[in-house]
């Protein structure tokens, strides 16, 4: 694998194999532009492109990635090739190095202006666990779950960048023993360790994106935490699904790793039985080809520094391509900056469950933290950190960075 003239270790998670995009500022927080992480530096992409006379670099002199996303897959591939060239060929060092800024000197912002936000429910293990908790005497999976990627449409305006505090939500809740619903702060505030997918190359209303064409719209991934007020959610969700229990805040990682960087992390899907309808199968009709794929992404979840879970994405039942195809099969358009998330990533073993609801089995089996305290659900002041990586080419690691949030007390 080609090396950078920065002399990075071969196993650096942000080497040439990764090159994630973000949005940053330095002294003036209003002067935001697109940056590319290499090692522990951020390349001011627009300034570097301007130096070499690339007029197309204007797409990076923007406060979000949305303009760049609108250019489509050929532009994304060309940009990655150029970045790899100028960061690896020593002939470019004198011109490019002045535009590298130490990571410690930048402020990172939300990388996209979120257009629409959809959250899916793509882990069979997670869906089964939640079903057992809420429907102990019934079927764990709902009848539709293996026929379509179940999801809900979220609130794009409450997606925040990693590092933003999350205010404990207020709302109604009612347990089976309560005579009437109560109003107040959520008592069952939870996390959901997820992977977010960033979408570009917008489509017309009334059109569809099939699984074979999904790659033309899937730009990249970022770590995602879909904070959930389980008590509010349980009371409100019948019959129309999540609403206030989800819409108070969702945290997105600051770095978006291009899909091109995840080639070595592509894995076959688990066997889908029964076979989904044709629009969810793709031309190879097998679930193991280039259109329908899974991802070998490894996460770690920490609460106040204690490792509480290590979910792996590779076992997710539904492919990102299937999620995107289902999202548009009714003619819904895609917009540059659309975000959809995988739903909680959970495995079959307890230490791979991606939510506190599952890890503590709805509070019945509290977790022990390194400071001697226990948690069933999150308390005010708790900090949740989700980190992630994926295998890259030639043994390299692909870093996904982190998504972090601290719980602030309820207001009102």
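The values are calculated or read from the model by the stated rules, or taken from the named source; none is laboratory data. Being a predicted model, the structure only gives us computed values, none of them experimental. Cβ sites come from the backbone with ideal geometry, for glycine too, and all protein chains shown count toward neighbours.
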Go through the stretch 177-201 and give me each residue that's surrounded by fewer than 19 Cβ atoms within 10 Å (Cβ to Cβ) and either over 17 Å from residue 357 (Cβ atoms) or not assigned by TED's automatic domain parsing to the domain that holds residue 384 (or both). 177, 178, 179, 180, 181, 182, 183, 184
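If the requirement is being out of contact with any helix residue (DSSP H, G or I) (no Cβ under 9 Å at 6 or more places or on another chain) and assigned to a loop (DSSP other than H, G, I, E, B), which of these qualifies: 372, 401?
The unique qualifying residue is 372.
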Considering each of 111, 149 in turn, give the residue that is touching a residue at least 12 places away in the same chain (Cβ under 8 Å), under 21 Å from residue 16 (Cα atoms), assigned to a loop (DSSP other than H, G, I, E, B) and touching a strand residue (DSSP E or B) at 6+ places or on another chain (Cβ under 6 Å). 111
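Report the residue count in the stretch 270-303 for those that are part of a strand (DSSP E or B) and either at pLDDT below 95 or under 17 Å from the mean Cα position of the chain (by Cα) (or both).
7
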So, in the stretch 166-194, exactly how many residues are under 30 Å from residue 389 (Cα atoms) and either outside any strand (DSSP E or B) or touching a helix residue (DSSP H, G or I) at 6+ places or on another chain (Cβ under 6 Å) (or both)? 5
Please specify each residue of the stretch 322-345 satisfying the condition of being part of a helix (DSSP H, G or I) and more than 16 Å from residue 213 (Cα to Cα). none
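For every residue, the table says whether it meets (1) buried (at least 21 other Cβ atoms within 10 Å of the Cβ); (2) outside the structural domain of residue 255 (by TED's automatic domain parsing); (3) free of Cβ contacts under 8 Å to residues at least 40 places away in the same chain; (4) part of a loop (DSSP other than H, G, I, E, B).
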residue	(1), (2), (3), (4)
69	yes, yes, no, no
78	no, yes, yes, no
81	no, yes, yes, no
85	no, yes, yes, no
129	yes, no, no, no
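Each row is one residue, and each column tells you yes or no for (1) at pLDDT below 95; (2) within 26 Å of residue 376 (Cα to Cα).
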{"site": "128", "(1), (2)": "no, yes"}
{"site": "138", "(1), (2)": "yes, yes"}
{"site": "146", "(1), (2)": "no, no"}
{"site": "163", "(1), (2)": "no, yes"}
{"site": "194", "(1), (2)": "no, yes"}
{"site": "205", "(1), (2)": "no, no"}
{"site": "214", "(1), (2)": "no, no"}
Does residue 221 qualify as being more than 19 Å from the chain's Cα centre (by Cα), in contact (Cβ under 8 Å) with a residue 40 or more places away in the chain and under 20 Å from residue 342 (Cβ atoms)? no
How about the stretch 137-154: which of its residues are within 18 Å of the chain's Cα centre (by Cα) and surrounded by fewer than 16 Cβ atoms within 10 Å (Cβ to Cβ)? 153
Please tell me if residue 125 is in contact with a helix residue (DSSP H, G or I) (Cβ under 6 Å, 6 or more places away or on another chain), under 29 Å from residue 387 (Cβ atoms) and in a helix (DSSP H, G or I). no
Going through (1) in contact (Cβ under 8 Å) with a residue 60 or more places away in the chain; (2) in a loop (DSSP other than H, G, I, E, B) one by one, residue 53 fails only at (1)
Which of the residues belonging to the stretch 1-46 are more than 19 Å from residue 105 (Cβ to Cβ) and in contact with a strand residue (DSSP E or B) (Cβ under 7 Å, 6 or more places away or on another chain)? 4, 11, 13, 17, 18, 19
Name the one entry in 235, 255 that is within 30 Å of residue 83 (Cα to Cα), out of contact with any helix residue (DSSP H, G or I) (no Cβ under 8 Å at 6 or more places or on another chain) and in the same structural domain as residue 323 (by TED's automatic domain parsing). 255
Can you say whether residue 2 is more than 18 Å from residue 260 (Cα to Cα) and not assigned by TED's automatic domain parsing to the domain that holds residue 393, as far as the supplied structure shows? no
Only one of 31, 6 is in contact with a helix residue (DSSP H, G or I) (Cβ under 8 Å, 6 or more places away or on another chain), surrounded by fewer than 24 Cβ atoms within 10 Å (Cβ to Cβ) and not in a strand (DSSP E or B); which? 6
